[in-house]
Amino acid sequence: MYKRAVHYLQGSEWVEIQCACPERVLNLLGARGIVFWDLTWESEICLRLRMLLRQEALLREIAEQTGAEITVMSRRGVPLLWARFRRRYVLLAGLAVFWLLLFGGNLFIWEFRVSGNENVPTETVLRALENYGITIGSQGMHIDQEDMRNHVLLELHDVSWLTVNVKGCVAYVQVVERQRPPEIAQEDGVWNIVATRDGLVTQVRALNGKALVAAGSTVTEGQLLVTGIYETRDQRTYTTHSLGTVEARTWYELSVSVPLEITEKSGEKQERTAISIDFGKKRIKLWGRGSISGANCDKITYYHPLSLPVGLRLPVTLVKETVTAYEGQTLRRSREEAQKEGENLLLQQLKAQLDESSAITETKFSAAVEGDFLLVVLQAECLEQIGKPVQVQQAEESN
């Protein structure tokens with residue numbers, strides 16, 4: 001394999017020699033120091049062999065001495081390629097740019113890929129790295145991992161460990177998020193539990209403190225449910241941090257106005273396309289108008305990162321933007337469609353007000369037309385935890 005590579009760099013040719021005495025030709029080749037290989041006999045007076053291009057002149061001198069006939073069957077090697085392409089300046093310039101992008105471009109970072117982050121946004125991680133100096137276009141060969149972590153982790157409070165590995169021109173950022181311990185109730189001071197909203201109590205769990213309500217009690221917002229200041233049987237005042245939960249049936253009434261007339265896209269549309277190239281952070285537009293679109297337009301952007309067949313990423317991304325403009329037409333939809341949309345909006349709004357432990361037990365919808373709008377009303381019954389810890393002021397404690 002090594003010899004083949006050397007011969008390809010030097011250039012070789014496949015030669016046919018016809019002579020009445022071919023053995024004499026071989027002897028002279030050896031005497032003149034001509035290197036040849038892959039010798040095959042075609043007949044008693046004909047043989048073929050492979051030799052270096054630069055020794056062809058010596059072979060022809062021997063052929064004149066022996067009366068041999070020389071026929072070159074094929075040639076190959078780097079010298080032939082250079083002779084073929086040395087006058088094609090555009091092709092040579094393209095090859096030079098290609099190798100420059102391959103080796104020069106991979107000395108810098110042109111893309112980030114962040115993994116391991118579930119709670120910390122990717123934008124936050126990249127912003128912290130940029131503040132340190134690692135961003136698109138920065139060198140990726142010399143990154144002091146320890147120094148980088150000492151600076152970046154000061155901004156990322158929810159990250160315990162981070163590393164940046166550069167392969168080609170892609171920086172792979174691996175993040176390990178901090179595991180926060182569960183919150184422990186603060187024991188300093190005196191705390192009560194009060195109601196966050198009106199409701200009908202269904203269950204009281206007072207782990208610490210004295211419960212002032214029981215199942216079946218009706219409470220109002222702000223009412224004291226579990227107190228942290230109470231007297232014992234021997235008439236001594238006892239203060240503590242109240243702990244516990246109070247579950248209750250609660251009721252909600254929400255409303256939303258849904259338009260009966262809507263604007264939809266018609267079948268007529270106009271489409272335009274723009275093509276650009278992203279080189280690092282700079283975008284170069286090649287064809288098409290600007291990317292600003294109107295209110296009745298849909299915009300789709302396709303990104304095609306360029307890479308080599310071996311998987312190395314190049315610092316060039318082809319961007320195709322397609323903007324489709326539609327003609328709007330006003331339609332009046334049915335009451336059923338508007339009411340269904342309103343019901344979905346109200347349910348989403350109700351779920352946003354409840355926590356994960358709460359449940360919606362009953363819902364009732366009603367609707368009425370008001371001009372060009374449909375007023376949809378939701379009456380819902382829920383089961384939720386309404387107890388909220390509130391710290392008792394020092395003045396109240398002294399009383």
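The values are calculated or read from the model by the stated rules, or taken from the named source; none is laboratory data. Values in this document were obtained by computation on a predicted structure and should not be read as measured data. Every residue, glycine among them, receives a Cβ derived from its backbone with ideal geometry; neighbour counts consider all protein chains shown. Remember, those area values only see protein heavy atoms, side chains included, never the ligands or the DNA or RNA. Shrake-Rupley method; radii C 1.70, N 1.55, O 1.52, S 1.80 Å.
Table for the structure above
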{"item": "Members of the stretch 199-210 found to be modelled with pLDDT of 90 or more and either of a type in the set (Ser, Thr, Tyr) or over 14 Å from residue 385 (Cβ atoms) (or both), listed by number", "result": "202"}
{"item": "Answer residue from the stretch 1-34, given it is in a helix (DSSP H, G or I) and of a type in the set (D, E, K, R) and is farthest from residue 72 (Cα to Cα) among those", "result": "3"}
{"item": "Some residue of the stretch 235-247 being surrounded by 15 or more Cβ atoms within 10 Å (Cβ to Cβ) and of a type in the set (Gly, Ala, Ser)", "result": "yes"}
{"item": "Residues of the stretch 35-87 classified as touching a strand residue (DSSP E or B) at 6+ places or on another chain (Cβ under 8 Å) and not in a strand (DSSP E or B), total", "result": "10"}
{"item": "Criterion (modelled with pLDDT of 90 or more and surrounded by fewer than 16 Cβ atoms within 10 Å (Cβ to Cβ)) met by exactly one of 352, 338, 367, 380", "result": "352"}
{"item": "Restricting the stretch 207-241 to residues that are touching a residue at least 24 places away in the same chain (Cβ under 8 Å) and among the aliphatic types (A, V, I, L, M), the residue that is farthest from residue 191 (Cα to Cα)", "result": "219"}
{"item": "Every residue from the stretch 5-34 that is in contact with a strand residue (DSSP E or B) (Cβ under 6 Å, 6 or more places away or on another chain) and either open to solvent by 40 Å² or more (accessible area, probe 1.4 Å) or touching a residue at least 60 places away in the same chain (Cβ under 8 Å) (or both)", "result": "10, 12, 13, 14, 18"}
{"item": "Complete set of residues in the stretch 130-148 that are open to solvent by less than 30 Å² (accessible area, probe 1.4 Å), under 16 Å from residue 113 (Cα atoms) and of a type in the set (A, V, I, L, M)", "result": "134"}
{"item": "Residue check, residue 292 modelled with pLDDT of 80 or more and either aliphatic (A, V, I, L, M) or open to solvent by 90 Å² or more (accessible area, probe 1.4 Å) (or both)", "result": "no"}
{"item": "Matching residues, the stretch 104-148, being small (Gly, Ala, Ser), outside any helix (DSSP H, G or I) and touching a residue at least 12 places away in the same chain (Cβ under 8 Å)", "result": "115, 116, 137, 138, 140"}
{"item": "For residue 301: the one exception among (1) under 30 Å from residue 353 (Cα atoms); (2) modelled with pLDDT of 85 or more; (3) surrounded by fewer than 16 Cβ atoms within 10 Å (Cβ to Cβ)", "result": "(1)"}
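Per-residue answers, yes or no, for (1) modelled with pLDDT under 90; (2) assigned to a strand (DSSP E or B); (3) over 20 Å from residue 383 (Cα atoms):
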| site | (1), (2), (3) |
| --- | --- |
| 213 | no, no, no |
| 216 | no, no, no |
| 235 | yes, no, yes |
| 262 | yes, yes, yes |
| 266 | yes, yes, yes |
| 275 | yes, yes, yes |
| 285 | yes, yes, yes |
